[in-house]
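Asks: The structure follows.
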Amino acid sequence: MLTFASRGAGPGPSTLAFRLSLARKTLTLTPIQAWPAQTRPHTVYKFKPKPVIPNIKKPPPAPFVTTLTDPREVIDATLKSFRKRDTRGIVDSWKRLCQLDAIGHIKPKEFVELSEHIWKIFITQGAEILSHRERYTVLEDIAIQAAARDSWRGLYTLFIAALRNGHPAYVANAFEKYKTAIHEVQGKTRSGHLVRDKIARDESRLEGYGPKPLTYVYLFAMMRLEQITGRVIMSVFETQRSLFSSPHKMMDTVLASVLPTIPKTERAIVQRDYYKLIDTALFVLNIWHPQALLRTMRDLDFNADWRALRKLYDRFLDLSIGPNKLVHAYDLHERERLHYDEVPFTTAIWRESLIYQS
C-alpha cells in the first residue's frame, strides 16, 4: 500500500498521471501533407493583354493594270479578263486603255472578239449587269466602240437586254453615243444627210451592216418612250438607203426578242404600233426624196390607181396636221438646217397631190 508521500513523488508507471500523459501523446497525430512536395521552382504566369489594333480600313488593292503603259499589254489584259469572265479586270483594264487613249490600237479581229464576249455576258447576265452602273457603263462603251467598227452583235444584245428589263432610255442614250462614235471612225459629217446636194448626202451616209439592226431596235425604244418626233425619224436617215429593205424581217426579229417580256394584254397593241411606226418612217423617207415620191404618184395616176393615190393623199394629211404632226410644207429655197423638228417636204409634192385629187 502506497503512502501519501509516495503518490506525490511524481508520475510512475502505475500512477494515474503517467497513464494520462501516455494518452495525450497517442492522440497527437502527425499532419499529412495535402500536396506533394514541390520539386521545381514555381513559375508565376502573368496575364498579357492582346495589343489593340486600330480599326483602320485597308485601301482596296490597286488594279492589276495600273502600272502598264504599253497599249498592247493593256489590250491583252482586257481580252484575258473577258476570257476568264473577270468583270473587275475588264473594268480596270478598259479604263486604263482609255487613259492611254489607245482604243485605236485594238485590231479589227479583237473588236470582233470583244463584241462576242459582250454578247455572251448580256445573254446570261443581262439583268445583273444592268443593275451595276459602273460595269454596265464600261461594257456599253466597249460595245459601242466595237459596233462603230461594225462588230455590232454585242451592242445589239445590250439593246435587247435593256428593253427586256424595262430600260428603253438606256437604248436611246447608247444609240446616240454609237452614232457619234461611228461618224468619227468613218470620218462622216454628222448632219450630212440633211443637205440638199445628193452627192454630198450620199457620201455622208454610214456604211456597214450594223446601223440597220441597231436602228430598228432604237426606233422600238423611242416608241416605248413615246418620243417619236420628226427629228427622231430624220436622224435614222444617216444610214444607207437599204435601211428599209425587207423591213418585216427585221421587225419580226426585234419583236420576237422583246414581246415575251411585255404583258400579254399589251402585245397586240405594241406590235401594231411598231409596224405603223416603221411604215411611217418608210413613207417619210420617200418624202425626203421628193423625186422618187413624185414618180410614184405619177405612176399611180397613169395606171388610174385612184384608191392607192387617195390613200397616199390621206397619209399626207395625217402626218401634216393635228397633234401627231410630223411633216410640214417646205420651200426649196429654204436654207439648210442642222436638224428639223418636223420632216420637210417640198411644196411641189403637195401641189401635185392636189392636182391629182382634183
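Asks: Give me the accessible area of Glu176, 1.4 Å probe, in Å² rounded to the nearest 10.
Replies: Accessible area of Glu176: about 70 Å².
Asks: On to the next question. Provide His248, His183 ordered by accessible surface of protein heavy atoms (probe 1.4 Å), highest first.
Replies: So, going from the largest accessible area down, we get His248, His183.
Asks: What figure, in Å² to the nearest 10, do you get for the accessible area of Ser131 with a 1.4 Å probe and non-protein molecules left out?
Replies: Surface accessible to solvent at Ser131 totals approximately 100 Å².
Asks: Taking every pair of distinct Cα atoms and averaging 1/r, then inverting, what Kirkwood hydrodynamic radius in Å comes out for region 58-169?
Replies: Computed over Cα pairs of region 58-169, the Kirkwood hydrodynamic radius comes out at 14.2 Å.
Asks: May I ask you to compute the full-extension gain from Asp305 to Lys107, defined as 0.36 nm times their residue separation minus their alpha-carbon distance, rounded to one decimal in nm?
Replies: 65.8 nm
Asks: Taking all protein chains in place and a 1.4 Å probe, what share, in percent, of the accessible surface of region 102-248 do carbon and sulfur account for?
Replies: It is 52 percent, rounded to a whole number.
Asks: Using 1/(1 + (r/R0)^6) with R0 = 22 angstrom and r between the beta carbons of Gln227 and Glu266, what's the FRET efficiency to the nearest 0.05?
Replies: 0.75
Asks: Something else: For the pairs Lys120/Lys264; Lys84/Lys179; Lys188/Lys311, flag any whose C-alpha to C-alpha distance is greater than 32 Å.
Replies: Table pairs above 32 Å Cα-Cα are Lys188/Lys311.
Asks: Hey, with R₀ at 45 Å, roughly what FRET efficiency would Asp279 and Arg83 work out to, going by the Cβ-Cβ distance, to 0.05?
Replies: FRET efficiency, Asp279 to Arg83: 0.55.
Asks: Taking 0.36 nm per intervening residue step and subtracting the Cα-Cα distance, what contour gain separates Leu317 from His289 on full extension?
Replies: Gain on extension, Leu317 to His289, equals 8.3 nm.
Asks: When you have a sec, figure out the Kirkwood radius of region 131-175 from all distinct Cα pair distances and drop it here in Å to one decimal?
Replies: 10.4 Å
Asks: Rolling a 1.4 angstrom probe over the protein chains, ignoring ligands and nucleic acids, what is the accessible area of Thr67 in square angstrom, nearest 10?
Replies: Around 110 Å² of this residue is reachable by solvent.
Asks: How far is it, in nm, from the label point at Thr124 to the one at Asn173 when both lie 7 Å from their Cα along the line to the Cβ?
Replies: 2.7 nm
The values are calculated or read from the model by the stated rules, or taken from the named source; none is laboratory data. Model, not experiment: these values are computed from the prediction. All Cβ positions, even for glycine, are placed from backbone atoms using ideal geometry, and neighbour counts span all protein chains on display. In case anyone asks, the SASA skips ligands and DNA or RNA and just uses the protein heavy atoms, side chains included. Shrake-Rupley method; radii C 1.70, N 1.55, O 1.52, S 1.80 Å.
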